[in-house]
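Right, one structure below, let's go through it.
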Amino acid sequence: MRHLIVANWKCNPVSSKEAQRLFDAVAEGIKNINNVETVICPPFLYLSDLKSGASSVKLGGQDCFWEDKGAFTGEISAKQLQNLGVEYVILGHSERRKYLDESIEAVNKKIKAALSTKLKVIFCIGSQTKELGEEMESQLEKGLQGLDKSDVADLIFVYEPVWAISTTKDKVTATPKETLAGSLFIRKILERLFDERTSQTARIIYGGSVDSQNIEGFVREGGVSGGLVGAASLDPDEFVRIVKKVALNVKS
Ligand code: PEP
C-alpha cells in the first residue's frame, strides 16, 4: 500500500507569498523521494498559484461543496477543484464539526460529489474521547451511506482522535498502540459495511500531533500507512523530515 503524508495547512499562512515559500521549500526538500505520496492542502485561494509550479507535491482542498455550481455563496465545488487539477480533498475534519457544526449527512453528500468527480477523498474519523465506539461507528456508517465497496479504493481514512490534535486543550499524544486500535476499529466497521477484502485493503493514515519524532512509530506499529499533519506542516523543515522518516520505513 502506497504511503501518504498529507499537510493540512488549515487557515494558514496569511499571504500567497508565504504560501509559495512554504510550498517551494517542501517541494525542494522532497524532490528525490519517490516512495511516499505527498499532498499539500492549502487554503482554497492559494491552490491556483501553487498548481502552476511543476512539482512532485500533489494538491488537495480542505473541503468541497456537493453541487457543481449555482447559488451557493462562499462554496467551492468538487467539480471546481477537479477542473483546477486538484487531486485530493479532506472531508469530515473535526474542526469543521466543532466550529461550523458540519453534519455527517453533509459530509456524506460531499464525499459522493468528490468521488463522482474523481477526487481522492481524505475522510477524517475520530472521537472526542478515547472510547472506540458509537461515535466513530456512526461517522463511518452515515459518512459512507450509499457508497459501494468499489468507492472505498478512492478513499483514504484518517484515524483522527480529537483528543490527540495539537490544538485540543489538554491533548495527549496517541501512542502507536492506540493508533493501531483505532485503525483496527475502522477496519472492523468497514468489514461490516462492505466486506473483508474491502476492509483489509482500505488505506488508513493517522492524524493528531504528528511530528518527525513520532511518525516512525505510527507507521511501523500503528497499522497506518502515513499521516495527516497539521501544525508541523507549517514548518517546511519539520514537514520534510516527516516525509523522509516515512520514506526510510517503506520498501521501494
Ligand atoms: C488535525 O487537525 O487533524 C491535525 C492532524 O492537526 P495537528 O497535526 O496539528 O494535531
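The values are calculated or read from the model by the stated rules, or taken from the named source; none is laboratory data. Quick caveat: nothing in here was measured; it's all calculated off a predicted structure. Cβ: placed from backbone, ideal geometry, glycine included. Neighbour counts: every protein chain shown. To get the accessible areas, we keep the full protein, side chains included, count just its heavy atoms, and leave off ligands, DNA and RNA. Shrake-Rupley method; radii C 1.70, N 1.55, O 1.52, S 1.80 Å.
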Using only Cα atoms, what is the ratio of the radius of gyration of the chain to 2.2 N^0.38 Å?
0.94
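Pairs of alpha-carbon atoms within less than 8 angstrom and 6+ residues apart define the contacts here; what relative contact order does the range 3-248 have, in percent?
Relative CO of the range 3-248 lands at 20 percent.
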For the chain, what does -39500 (n - 2.57) per DSSP helix run (n ≥ 4), summed and divided by total residues, give at 222 nm, in deg cm²/dmol to the nearest 500?
-12500 deg cm²/dmol
State the antiparallel share, in %, of DSSP beta bridges confined to the range 3-248, rounding to the nearest 5.
0 percent
Contour excess over end-to-end distance, with Cα ends at Ala25 and Asn83 and 0.36 nm allotted per residue
18.3 nm
Once the piece of chain linking Asp49 and Asp148 is laid out straight, how much longer is it, given 0.36 nm per residue of separation minus the C-alpha distance between them?
32.1 nm
Relative to the present Cα-Cα distance, how much length would full extension add between Ala71 and Ser138 at 0.36 nm per residue of separation?
21.0 nm
Determine the per residue accessible area of the range 3-248 with all protein chains present and a 1.4 angstrom probe, expressed in square angstrom.
46 Å²
Which residues qualify? For Val210, with a placed amide H closer than 5 Å and at least 5 residues away or on another chain, they are Gly230
How much net charge surrounds Gly29 when only other residues with a Cβ under 13 Å from its Cβ are counted (Lys, Arg +1; Asp, Glu -1)?
0
Between Met1 and Asn249, the two model label points (7 Å from Cα along the beta-carbon direction) sit apart by a distance in nm of 1.3 nm
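Step through the table entries Lys109/Lys244; Lys110/Lys149; Lys10/Lys171; Lys69/Lys120, compare each Cα-Cα distance with 26 Å, and write down the pairs that go over it.
Exceeds cut-off: Lys109/Lys244.
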Among 34-40, 11-17, 58-64, how do they line up from the highest to the lowest mean number of other beta-carbon atoms within 10 Å?
58-64, 34-40, 11-17
Semi-axes of the equivalent ellipsoid for the range 87-224, please: Cα gyration tensor eigenvalues, times 5, square-rooted, ordered largest first, whole Å.
22, 17, 14
Just order 70-77, 227-234, 136-143, 91-98 by mean Cβ neighbour count inside 10 Å, highest at the front, would you?
227-234, 91-98, 136-143, 70-77
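Could you work out the mean projected area of the convex hull around the alpha carbons of the range 1-121, in square nanometres to one decimal?
Projected area, direction-averaged: 8.0 nm².
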Going by amide H atoms built from the backbone, whose H comes under 5 Å of the H on Gly126, apart from near neighbours?
Glu160
Mind giving me the nanometre distance, one decimal, between the label points for Ala181 and Asn32, set 7 Å out from Cα along Cα→Cβ?
4.1 nm
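Let me check I've understood the local charge: for Lys112, count other residues with C-beta under 13 angstrom from its C-beta, Lys and Arg +1, Asp and Glu -1. What total comes out?
-1
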May I ask you to evaluate 6.51 cos²θ - 1.76 cosθ + 1.60, the Karplus curve with θ = phi - 60°, for each residue of the range 188-205 and list the ³J(HN,Hα) values in order in whole Hz, giving x for glycine and proline?
4, 5, 5, 5, 5, 6, 10, 7, 5, 4, 4, 5, 6, 9, 5, 8, 10, 10
Quick one: work out Rg over Rh on the C-alpha atoms of the range 84-143, Rh as Kirkwood radius.
1.00
Amide H contacts under 5 Å for Glu37, restricted to residues at least 5 apart in sequence or on another chain and with H modeled in the peptide plane, are His3, Leu4, Ile5
